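The block underneath contains the structure these notes are about, expressed in structure tokens.
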Amino acid sequence: MNNTTYNLGSNDRPVRSTRVIGPTIDFVRAQPAPVRYAERVALREAVPRYPALAATSRRLDLALSILALALSMPIMALIALAILVESEGPVLVYQVYAGMGGRLFRLYQFRCVRIEESKSGHPTLVGRLLRLVDLDKMPCLLSVVAGNMSLVGPTPVLPDEAARYTHEQASRLAARPGLTGLSQLKGARCASLDEAIALDIEYIKNQSISLYTSILLRAIAGALKGGGC
């Protein structure tokens, strides 16, 4: 079967969309520069400010994410099989985000909707179950192993959102985005965007291994309890 490509946005007004992996349909989005070049240079100069901390947190990210992937591989295989059995299409989809320094990367997760219903967003039965317990995001660990994300860090942002940042807000991109973080733990989903950005910047300014460990342990405890904001 040949690939069919649909451009869902224009060059001057990108839209939020998802590319579906596989031989079925590719949804291609315009990818603007996340931040202005001067801001990207400033961010790159600020990132090596704590080289020992960055190296230690990176080693923790690698060790823990590889361990988590190894332990969850049987579950991920079963999820992939369930997705393939329930509906035709790829197992994984991805969304483009702005990472550290404004660099773009792909964040993968399990497909939760049927290909023909991707615009409406109505989940399949498997998709609803995965979203209920956040298992659809398990492939995000691949982005941690690749070095595009950290287990703990600021919230990932879309390129078109990052492109509108002020210089102060752009400091949110001075660290790898995290699977969890200070803004998520403090209920950023229930707060305003400005409050979420402020919490992420607060984390970046106060980075430490103790803060990293504290947030990670609290996130794991919250996931086990099934809590939310």
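Within segment 109-130, the set of residues being charged (D, E, K, R) and under 14 Å from GLU86 (Cβ atoms) comprises ARG111, ARG114, GLU116, GLU117, ARG128.
Would you please name the residue that is nearest to the chain's Cα centre (by Cα), looking only at residues in segment 132-169 that are more than 17 Å from VAL96 (Cβ to Cβ) and modelled with pLDDT under 90? Filtering first and then ranking leaves ASP134. Against the condition within 30 Å of ASN206 (Cα to Cα) and small (Gly, Ala, Ser), how does ALA82 come out, does it pass? Considered against the rule, which asks whether it is within 30 Å of ASN206 (Cα to Cα) and small (Gly, Ala, Ser), ALA82 comes out as no. Residues in segment 96-112 that are farther than 20 Å from ALA170 by Cα, out of contact with any Cys (no Cβ under 8 Å at 6 or more places or on another chain) and either among the hydrophobic types (A, V, I, L, M, F, W, C) or in a strand (DSSP E or B) (or both): PHE110, CYS112.
Checked against (1) in contact (Cβ under 8 Å) with a residue 40 or more places away in the chain; (2) under 28 Å from ARG164 (Cα atoms), LYS119 passes all but condition (1). Please tell me if THR180 is among the polar types (S, T, N, Q), crowded, with 18+ Cβ neighbours inside 10 Å and out of contact with any Lys or Arg (no Cβ under 6 Å at 6 or more places or on another chain). Here the answer is yes, as THR180 does meet what is asked.
The requirement of being at pLDDT 50 or above and within 21 Å of the chain's Cα centre (by Cα) is satisfied by LEU64.
Answer yes or no: is there a residue in segment 111-130 that is surrounded by fewer than 16 Cβ atoms within 10 Å (Cβ to Cβ), over 12 Å from the mean Cα position of the chain (by Cα) and closer than 26 Å to ARG218 by Cβ. Yes, some residue in segment 111-130 is surrounded by fewer than 16 Cβ atoms within 10 Å (Cβ to Cβ), over 12 Å from the mean Cα position of the chain (by Cα) and closer than 26 Å to ARG218 by Cβ.
Being surrounded by fewer than 21 Cβ atoms within 10 Å (Cβ to Cβ) and of a type in the set (Ser, Thr, Tyr) is the filter; apply it to segment 82-107 and report the residue that is nearest to the chain's Cα centre (by Cα). In this case the residue turns out to be TYR94.
The values are calculated or read from the model by the stated rules, or taken from the named source; none is laboratory data. Small disclaimer: the values here were computed from a predicted structure and weren't measured. A quick note on method: Cβ atoms are made from the backbone with ideal geometry, for glycine too, and the neighbour counts reach across all protein chains shown.
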